[in-house]
1. Return the pairs, sorted by first residue and then second, in which the second residue is surrounded by 22 or more Cβ atoms within 10 Å (Cβ to Cβ) and of a type in the set (D, E, K, R), the first residue lies in the range A:228-245 and is within 13 Å of chain B (Cβ to nearest Cβ), the beta carbons are less than 8 Å apart, and the residues are 6+ apart or on different chains.
2. Has the range A:185-201 got at least one residue that is aromatic (F, W, Y) and not in a strand (DSSP E or B)?
3. Six or more apart or on different chains, Cβ atoms under 7 Å: show the pairs whose first residue is in the range A:195-222 and within 14 Å of chain B (Cβ to nearest Cβ) and under 15 Å from A:V164 (Cα atoms) and whose second is crowded, with 20+ Cβ neighbours inside 10 Å and not hydrophobic (A, V, I, L, M, F, W, C).
4. Does A:S75 fit the bill of being of a type in the set (G, A, S) and surrounded by 24 or more Cβ atoms within 10 Å (Cβ to Cβ)?
5. I'm trying to understand the selection: among the residues of the range A:83-110, which are more than 13 Å from chain B (Cβ to nearest Cβ), surrounded by 23 or more Cβ atoms within 10 Å (Cβ to Cβ) and either within 26 Å of A:G198 (Cβ to Cβ) or not hydrophobic (A, V, I, L, M, F, W, C) (or both)?
6. Looking for whichever is closer than 19 Å to B:Q135 by Cβ, among the charged types (D, E, K, R) and over 22 Å from the mean Cα position of the chain (by Cα) here; the options are B:K79, B:K97. Which one fits?
7. For B:L33, which of the numbered conditions (1) in the same structural domain as B:L248 (by TED's automatic domain parsing); (2) exposed (fewer than 14 other Cβ atoms within 10 Å of the Cβ); (3) touching a residue at least 24 places away in the same chain (Cβ under 8 Å) fails to hold?
Number of protein chains: 2
Amino acid sequence: MIKRYLLAPGPTEIPPEVLLKMAEPIVHHRNPLFEAVLQEVRENLKYLFGTKNEVLIFASSGTGAMESAVTNVLSPGDKAICVRSGKFGERWANICKAYGVETVNIDIPWGEDLDPEDIEKALKKHPDAKAVYTQATETSTGVKFPIKEISDIVKNYPNTLMVVDGITGVGVFELPQDAWNIDVLVAGSQKALMLPPGLSFCGVSDKAWEFNKKSRLPKFYFNWQKELENLKKNQTNFTPAISLIVGLRESLRMIKQEGLENIYKRIDILARATREGAKALGLKIFPKTPSPAVTAICAPDGIDGQEIYKIMWRKYGVTGAGGQDQLKGKIFRIATLGYADKYDVITALSALEFTLKDLGYKFEMGKGVSAAINVLKDL
Amino acid sequence: MIKRYLLAPGPTEIPPEVLLKMAEPIVHHRNPLFEAVLQEVRENLKYLFGTKNEVLIFASSGTGAMESAVTNVLSPGDKAICVRSGKFGERWANICKAYGVETVNIDIPWGEDLDPEDIEKALKKHPDAKAVYTQATETSTGVKFPIKEISDIVKNYPNTLMVVDGITGVGVFELPQDAWNIDVLVAGSQKALMLPPGLSFCGVSDKAWEFNKKSRLPKFYFNWQKELENLKKNQTNFTPAISLIVGLRESLRMIKQEGLENIYKRIDILARATREGAKALGLKIFPKTPSPAVTAICAPDGIDGQEIYKIMWRKYGVTGAGGQDQLKGKIFRIATLGYADKYDVITALSALEFTLKDLGYKFEMGKGVSAAINVLKDL
């Protein structure tokens with residue numbers, strides 16, 4: 001018998017009550033029953049994003065909303081600043097390139113911190129840059145970026161938007177869109193929202209809506225204006241992913257009931273416990289400024305990080321993640337966002353200890369779990 | 001107590017066993033368990049589409065795949081022929097327009113037949129047209145278009161692709177992609193596939209892949225080449241809509257078990273019974289050439305079609321559909337695609353009779369149901 005535990009940085013575990021809601025007979029989307037669902041979802045998404053504006057909903061993976069955050073605010077030949085410090089930062093630059101947007105890339109070695117001053121310098125050198133594209137968490141490296149500090153700089157540039165991929169950030173830690181002057185905030189369903197992948201979201205500031213009016217890049221499926229018009233009538237521009245939105249109502253209720261402050265605190269403690277556990281085993285945390293969403297841990301010398309991830313999954317039932325691209329084999333990752341509790345962290349660290357033992361790594365069994373328990377006792 | 005019956009032209013009813021499969025704990029997509037799902041899905045999609053080529057899968061509504069069928073084969077300034085005979089034909093032209101493609105529109109009054117000769121004439125006048133865009137069923141009017149006859153014309157033009165929106169067609173009636181020389185065949189999850197909305201599909205011919213090599217319209221989220229590369233490794237380019245794909249495995253198994261020939265026969269009889277039932281009540285079928293997917297019925301003189309649809313839903317538990325845009329109030333629609341059986345047709349016609357009685361329409365109660373039963377007895 002093997003019980004499975006999902007601690008990947010997306011998809012994350014889905015609460016059984018959400019799964020069951022989505023298993024109910026489907027309702028038609030042009031119908032008051034579904035309009036009531038959307039109405040409630042709209043309100044709770046505003047709470048989650050910390051915005052007074054509508055949060056747009058797309059039937060797509062997170063990348064779809066990222067693409068929309070380029071095509072709905074820029075025009076051909078525009079210039080944009082992209083922070084590239086991992087797989088998802090590179091995605092911003094690749095989307096821009098696909099649509100003929102000139103990119104000024106701030107390249108940071110994977111895992112290193114982003115210095116807000118680099119943004120200031122880039123903006124001074126390229127005052128014509130129409131947007132800064134970055135991540136709340138660079139999921140591939142586990143780094144948390146200083147979004148407030150960057151936003152505080154960008155807000156002084158009236159011709160530049162601050163666009164944040166918050167796919168691994170919204171609902172994980174403080175990221176209030178309006179208070180922090182984030183012009184476009186992107187999220188996805190399969191992370192803190194505790195849903196299957198298939199929905200993406202865009203919170204859009206008044207400033208970004210102004211940019212939208214002048215934007216000439218082509219768009220059809222991901223057209224913000226049409227979505228907004230429909231959303232105000234509790235509809236979507238095209239057939240929505242009905243079952244996922246029905247699940248979303250449920251998961252947003254759970255989020256509201258726990259309260260964002262409590263969620264941020266819970267996830268912060270879970271991540272700290274994961275880091276302390278790993279460190280107690282003599283392992284190194286990969287990033288200097290780790291995100292509480294996902295802990296990237298360096299594989300010890302002589303051991304392949306992919307092996308750790310695979311044995312944890314195959315033999316010990318815990319699905320974390322390996323490293324991506326240049327980090328493949330060098331790190332493995334354990335996530336603590338969404339529907340994760342203290343026992344999940346202990347389970348993951350136990351599986352890690354079993355795995356490291358199998359791989360011949362020298363350490364005192366139980367030390368990781370003990371260190372974590374000491375952090376978790378306050379939760 | 002009100003039991004609900006869904007006979008809308010999308011979403012359609014989802015079999016309980018599919019709903020329950022999707023309610024199982026989610027699996028990670030970069031994982032052999034999910035790769036096995038995709039491998040099976042790939043094979044069965046080829047069977048469903050009647051093609052030897054890969055069928056691409058997107059996390060989006062059907063419109064996303066339609067957009068991809070423009071952006072992946074055309075270049076800026078290209079010319080395309082669009083058949084406009086309803087809401088969805090107009091969508092093809094709108095997508096082309098959004099991407100700077102010049103359209104030659106063949107405008108047919110809503111509900112009328114498409115004469116394949118009009119395609120031949122348009123192609124002779126515009127031999128530089130790179131594609132013909134049309135529908136298998138124009139869902140808004142219930143018309144079935146003569147796809148084979150059109151394809152037989154387009155296949156003689158080596159520089160023109162035959163692109164079919166088969167969202168309300170694939171899995172409903174004969175539409176074999178390879179045998180009929182359909183270059184791009186689009187489908188969606190919430191119709192014959194008996195799933196929630198949120199997945200779209202593109203079958204792509206060798207000829208269309210050749211066009212793809214030269215296509216210069218911008219694309220990122222809906223990039224065919226990247227999807228194909230990933231699909232061959234049982235992966236998707238971006239995080240897939242995992243739960244829907246798990247459901248898809250199940251619904252494709254059901255489709256294969258019943259067999260496409262039997263499905264086509266079943267749906268044809270269900271639609272015929274619906275039409276005979278409506279006619280026995282003195283009602284007129286809106287299109288001359290009705291699709292078996294959905295029956296568009298004219299509201300009798302002096303009665304609002306929207307009222308019929310609303311009372312059927314609110315008071316009698318049967319969700320059909322009203323008319324869209326210019327047909328609002330003039331028609332109502334009852335669908336018979338996907339997970340529909342003979343008792344669903346009888347239920348829908350009973351609800352229609354109750355509703356018409358409420359609205360003061362004069363007819364002999366039971367005549368519609370009786371006429372349908374006589375058609376259905378062979379099923």
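The values are calculated or read from the model by the stated rules, or taken from the named source; none is laboratory data. Computed from a predicted model, the values in this text were never measured in an experiment. Every residue, glycine as well, gets a Cβ built from its backbone with ideal geometry; the counts of neighbours run over all protein chains shown.
1. A:T236/A:E227; A:N237/A:E227
2. Checked against the condition, which is being aromatic (F, W, Y) and not in a strand (DSSP E or B), the range A:185-201 yields no hits at all.
3. A:S200/A:S60; A:S200/A:S61; A:S200/A:G62; A:S200/A:G64; A:S200/A:G188; A:C202/A:S68
4. Working: of a type in the set (G, A, S): yes; surrounded by 24 or more Cβ atoms within 10 Å (Cβ to Cβ): no.
Considered against the rule, which asks whether it is of a type in the set (G, A, S) and surrounded by 24 or more Cβ atoms within 10 Å (Cβ to Cβ), A:S75 comes out as no.
5. Correct list: A:S85, A:G86, A:G89.
6. B:K97
7. So the condition that B:L33 fails would be (3).
The rows are residues; the columns are (1) facing another protein chain (nearest Cβ under 8 Å); (2) not in a helix (DSSP H, G or I).
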{"residue": "B:K3", "(1), (2)": "no, yes"}
{"residue": "B:G10", "(1), (2)": "yes, yes"}
{"residue": "B:H29", "(1), (2)": "yes, yes"}
{"residue": "B:E35", "(1), (2)": "no, no"}
{"residue": "B:L56", "(1), (2)": "no, yes"}
{"residue": "B:T63", "(1), (2)": "yes, no"}
